[in-house]
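Following: one structure in structure tokens, then a few remarks.
Throughout, read-outs are computed from the coordinates displayed, never taken from laboratory work. Model, not experiment: these values are computed from the prediction. Don't worry about glycine lacking a Cβ; one is built from the backbone with ideal geometry, like all the others, and counts go over all protein chains shown.
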Amino acid sequence: MKVEALLKEALELANLGDLDGAERKLKEALVVENLPELWNNLGNVYRRKGFLYQAIEAYQKALSLDEGFHIARLNLGVAFLEIKRYSEAIMILQPLLGKLDRDELYLALAIAYEKSGKYADFAAMYDKVKSPDKDKILSEYGVESPAGRGQSG
């Protein structure tokens with residue numbers, strides 16, 4: 001019960017923007033029990049703080065405890081995307097196709113494909129994204145929509 005309470009507190013603190021407090025609670029919970037969900041959430045806190053290499057380590061620890069933890073794999077891939085390691089992001093994210101149906105996955109892969117010069121794969125992932133904000137999100141990564149590139153989609 002203590003771990004669940006600490007996780008709940010950590011999530012509440014993170015939602016309020018107290019990332020240091022959330023980090024403390026998650027580390028406290030990890031002392032009690034070494035759970036992949038705690039490592040994944042710690043990775044999310046690190047990512048929000050801009051500590052991408054610590055986030056990657058946390059996501060990898062989550063996956064070492066549960067290699068089938070798809071959300072941790074997605075988060076790991078996005079962290080690699082954020083440090084501009086596009087080939088690694090693709091290798092991490094591609095196996096999730098067919099296992100996760102999430103805009104975050106399709107957008108991350110679209111960006112990684114575009115940055116790697118794989119424009120047909122980019123267009124295919126772009127077409128899977130349902131979010132009306134997809135062009136805005138892509139532009140934050142310096143990526144134009146396929147239509148903006150003169151391609152169909």
FRET efficiency for Arg102 and Val32 from the Cβ-Cβ distance with R0 = 22 Å, rounded to 0.05, comes out at 0.15
Glu144 and Tyr119 label points (each 7 Å along its Cα→Cβ direction) are spaced in nm at 1.0 nm
Of the listed pairs Lys99/Lys134; Lys25/Lys61; Lys8/Lys128, those with alpha carbons more than 26 Å apart are Lys8/Lys128
The simple spin-label model distance between Ile83 and Asp127, using points 7 Å out along Cα→Cβ, in nm, is 3.4 nm
Over the chain, the quotient of the Cα radius of gyration and 2.2 N^0.38 Å is 1.12
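Please give the calculated 222 nm ellipticity per residue for the chain, where each DSSP H segment of at least 4 residues contributes -39500 (n - 2.57) and the sum is spread over every residue; nearest 500 deg cm²/dmol?
Using -39500 (n - 2.57) per qualifying helix, the result is -21500 deg cm²/dmol.
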Taking Cα atoms only, helix 70-82 is inclined relative to the longest principal axis of the chain by an angle, in degrees rounded to 10, of 60 degrees
Distance in nm between Leu65 and Lys136 label points, each 7 Å along Cα→Cβ, equals 3.5 nm
